[in-house]
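What follows is one structure encoded as structure tokens, with my remarks underneath.
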Amino acid sequence: MRARTDAGMPAAETDVILGDLGVLLLECGTSVTDVRGSLEQVSRRAAPDASLEFAILPELVMVSRPGAASATTTVIGKGEALTFRQSAKASRLVHDLESGAASLAEAPGRMARIRATPRHLPGLQNVLGCGLLSLSLAALFRCPWWAVVLALLVGLVVGALTMLMMRVRAAAAVAPFVSAFVSTILVGTIAGMLDLGPVPLFAVCAPIAILVPGALITNALLELTSTDIVTGASRLMYGLIMLAFMAAGVYSGAALTGLRIDSASAALVGEAVQLTGDDGGGGWDALPSLWATWPAVIVLAIGIGLAFGSGFRLTVVCVVVMTGTYAVLALVSTQVGSVVAVGVAAAVLFVAARVLERVTLAIPATVSFQPAFLLLVPGTIGLVALASFDAQALVSAPMMFLSLCIGTKVGALLADLARITRSTVFRRWVEPARMGEL
């Protein structure tokens, strides 16, 4: 297919479209490093004769032309996160612009349609997604059956509460604290009424796991290591503040209800695999069987799909990615320990995410990589460490983050090397062959 060009488009219009495209990618949850790389590739295709520079902030894109008399073009986003389905369409748009299958002049119309993509019954999907996510995490980390049922009920309440608070800007700022506080109050009150004793970790954390900023903090660390200091530092600070709010909510709720967390309960996938019990024998105090964790992964993927608006096809992709991530973590954790296993799983998953991003479906890495954070759960570890003042947890949480960042960086390096190699082979062998055919 012949590439479409943008010859004759005014420079100011080109800069505005590129800035709006960058804002769209930021709304998809893409890191500023990846946004800058995508804009540079699109600009080389759309404006090969121009020398453009991009400055990216969390909700702001600036496009400038060094040496030109015109002022820098600034495009500001609304800060509204897009659904996974919208992110996939945005990734396809960028893919088409980079390959020349679409011209830059077509981008504004396609971006408007992406932002206007309807979502059916979003409130019901969010609440149901939070409930399924909470239930599946409790089962996946092998909490007793009573805790699994409790996590489902509390997850539905937290999902509804969070949805209502996010509609008011002032309330959204304290939503992490209020959600964690209400969740812990409910769990602590029921545990006290039924005299359940110390409750498993994920009976408390599963209902609020969707709010844990693990992906945000990890992206911030990755941006810091890519010399995007301003954005990385601001996102890291915001993520830590959210984590502190949630920890304060858990600590306050536990203090009011006398809730105690079972220190022997699983905090990582590798620990959940090694838990022993009566293997699902009868009774509400029994642990789910180890085989039951596989259906739990599927339910977890479905819950994520509902909560983040994936749609059917992306939910299937999420099921495959989550199942693969769980398999890698369960296998590697028994061999090298949980800390190293998180890094290995992150590297493998990141390479797989980049591969998916480059195939015809153009599935963005944020859609296929972000859900796995709920299995890698470094944010949950930090939350519990802050709430319980556990010295060992406070030491292990930074190690988990570092392992995750190193694994992601190694995966990014491998993905880039594979892309460079493939591009070199394509230019040297495939393109000449096609020209010969023509």
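The values are calculated or read from the model by the stated rules, or taken from the named source; none is laboratory data. The model shown is predicted, which means the values in this text are computed figures rather than measured ones. Positions of Cβ are backbone-derived with ideal geometry, glycine not excepted, and every protein chain shown enters the neighbour counts. Note: accessible area is taken over every heavy atom of the protein model, side chains too, but ligands, DNA and RNA are not part of it. Shrake-Rupley method; radii C 1.70, N 1.55, O 1.52, S 1.80 Å.
Residues that are farther than 19 Å from residue 199 by Cβ and modelled with pLDDT of 65 or more were ranked within segment 271-293; the one that is most open to solvent (accessible area, probe 1.4 Å) is 291.
Listed here are the residues, each with its yes/no results for (1) among the small types (Gly, Ala, Ser); (2) under 26 Å from the mean Cα position of the chain (by Cα); (3) open to solvent by less than 40 Å² (accessible area, probe 1.4 Å).
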site	(1), (2), (3)
147	yes, yes, yes
152	no, yes, no
156	no, yes, no
159	yes, yes, yes
168	no, yes, no
176	no, yes, yes
184	no, yes, yes
188	yes, no, yes
196	no, no, no
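Got at least one residue in segment 294-305 being open to solvent by 20 Å² or more (accessible area, probe 1.4 Å), within 25 Å of residue 404 (Cα to Cα), at pLDDT below 80 and in a helix (DSSP H, G or I)? No, every residue in segment 294-305 fails to be open to solvent by 20 Å² or more (accessible area, probe 1.4 Å), within 25 Å of residue 404 (Cα to Cα), at pLDDT below 80 and in a helix (DSSP H, G or I).
Residues that are within 18 Å of the chain's Cα centre (by Cα) and open to solvent by 20 Å² or more (accessible area, probe 1.4 Å) were ranked within segment 389-402; the one that is modelled with the lowest pLDDT is 401. Scanning segment 1-33 for residues that are modelled with pLDDT of 85 or more, of a type outside the set (A, V, I, L, M, F, W, C) and under 23 Å from the mean Cα position of the chain (by Cα) returns 20, 22, 27.
Taking segment 133-145 as the range and being part of a helix (DSSP H, G or I) and surrounded by fewer than 24 Cβ atoms within 10 Å (Cβ to Cβ) as the test, only 145 passes. If I go through segment 4-19 residue by residue, how many of them are touching a helix residue (DSSP H, G or I) at 6+ places or on another chain (Cβ under 6 Å) and assigned to a helix (DSSP H, G or I)? Counting residues in segment 4-19 that are touching a helix residue (DSSP H, G or I) at 6+ places or on another chain (Cβ under 6 Å) and assigned to a helix (DSSP H, G or I) gives 2. Filtered by the rule that a residue be in contact with a strand residue (DSSP E or B) (Cβ under 8 Å, 6 or more places away or on another chain) and under 17 Å from residue 43 (Cβ atoms), segment 69-110 gives 72, 73, 74, 75. Residues of segment 97-113 that are at pLDDT 85 or above and open to solvent by 10 Å² or more (accessible area, probe 1.4 Å): 103, 105, 106, 108, 109, 110, 112, 113.
Pairs linking a residue in segment 291-305 that is among the charged types (D, E, K, R) to a residue that is crowded, with 24+ Cβ neighbours inside 10 Å and in a helix (DSSP H, G or I), with Cβ atoms under 6 Å and 6 or more positions apart or on different chains, do not occur. Looking at the structure I just gave you, is residue 362 aliphatic (A, V, I, L, M), modelled with pLDDT under 75, surrounded by fewer than 20 Cβ atoms within 10 Å (Cβ to Cβ) and within 19 Å of the chain's Cα centre (by Cα)? When the stated conditions are applied, residue 362 passes them. Residues in segment 212-227 that are buried (at least 22 other Cβ atoms within 10 Å of the Cβ) and either closer than 30 Å to residue 186 by Cβ or not aliphatic (A, V, I, L, M) (or both): 212, 213, 214, 217, 218, 219, 223.
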